[in-house]
Amino acid sequence: MKTFQEFYPFYLGEHSNRTCRRLHFIGTTLGLFFLLHAFSTLNFWWLLVGIVQGYAWAWVGHYFFEHNRPATFTYPRWSFIGDWVMWKEILTGKIKF
């Protein structure tokens with residue numbers, strides 16, 4: 001896929017399970033929290049914690065609930081962007097939480 005506009009409908013299809021989406025939202029929120037914490041403390045090891053948290057929650061959702069392979073392995077850049085777009089759409093109520 002060459003554009004994010006092509007990719008995003010596929011990405012949403014890979015996240016049709018509500019529990020998987022919830023786990024993505026939790027992981028992304030924790031990742032954001034640890035990013036902010038890293039900059040507020042100037043201890044950048046927290047960035048690693050944030051990355052681990054973000055992906056761990058998402059991968060649990062895919063393995064146990066969605067039963068598919070995370071798109072991150074095939075489309076890492078688009079998946080990272082898609083996760084933040086989906087997070088925003090959940091936060092604003094466009095996608096059901």
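The values are calculated or read from the model by the stated rules, or taken from the named source; none is laboratory data. Model, not experiment: these values are computed from the prediction. Counting neighbours? That spans all protein chains shown, and the Cβs are built from the backbone with ideal geometry, glycine included.
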### Message
I'd like to know if segment 66-87 contains one or more residues that are within 16 Å of Cys20 (Cα to Cα), more than 12 Å from the chain's Cα centre (by Cα) and assigned to a helix (DSSP H, G or I).
### Response
yes
### Task
Output the residues belonging to segment 71-84 that are crowded, with 17+ Cβ neighbours inside 10 Å and modelled with pLDDT of 95 or more.
Tyr75, Trp78, Ser79, Gly82, Asp83
### Task
Could you please tell me which pairs satisfy a Cβ distance under 6 Å, a separation of 6+ or placement on different chains, a first residue in segment 23-43 that is free of Cβ contacts under 8 Å to residues at least 24 places away in the same chain, and a second residue that is surrounded by fewer than 14 Cβ atoms within 10 Å (Cβ to Cβ)?
Ala38/Phe44
